[in-house]
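Input: a single structure, listed below in structure tokens.
Every read-out reported here was derived from the displayed coordinates using simple, explicitly stated rules and does not represent laboratory data. None of the values given here were measured: they were computed from a predicted structure. For neighbour counting, all protein chains shown are included, and Cβ atoms are generated from backbone atoms with ideal geometry for every residue, glycine included.
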Amino acid sequence: MLAMTLPWSPGPAAPRPPARPVVMAAELRVRGLRHVPGFLRQSLKVRAQARRAPGALGVTLRAEPLRRTFWVLSSWSDREALAAFVGSETHRRAMTSLRPVMAHSRFSTWDAETAAEPTWTETRLRLAADG
């Protein structure tokens, strides 16, 4: 199956990363293959914005276009920074424009045990448990 994962991209340098960052994961599926290119374009714009957002520690994106499924994994200094990003104009605009093409969305947010980069294995487990 065709899949791609963009490498973990650090956010703005934090003077002292928190011992227990907040991690957010999302699984997003579009209704049809014709929606994949537009969704991917929007996802890359949002990813670029997240990399520059205050409090962002890092972000990665995984896509399986033929399954019409995308995963986002990001780490934040605290819940307030995550909420500010989710409420940002770029993110809200993307969410609003993509809502009609979405077939499924699942989200999970948790406090990480360590400051280490979150893993896809943990992400799959969290999304399954919270879904």
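Here are the numbers for this structure:
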{"quantity": "Test item: Cα-centred dipole of segment 29-93, Lys/Arg +1 and Asp/Glu -1 on Cβ, debye", "calculated": "420 debye"}
{"quantity": "Rel. contact order, % - alpha carbon contacts under 8 angstrom, at least six apart, segment 20-130", "calculated": "42 percent"}
{"quantity": "Packing-based exposure ordering (other Cβ within 10 Å, fewest first) of M24, M102", "calculated": "M102, M24"}
{"quantity": "Shape category assigned to segment 34-131 from the gyration tensor of Cα positions, a/c cut at 1.5", "calculated": "oblate"}
{"quantity": "Computed E for E64/R93 - FRET, C-beta separation, R0 22 angstrom, nearest 0.05", "calculated": "0.30"}
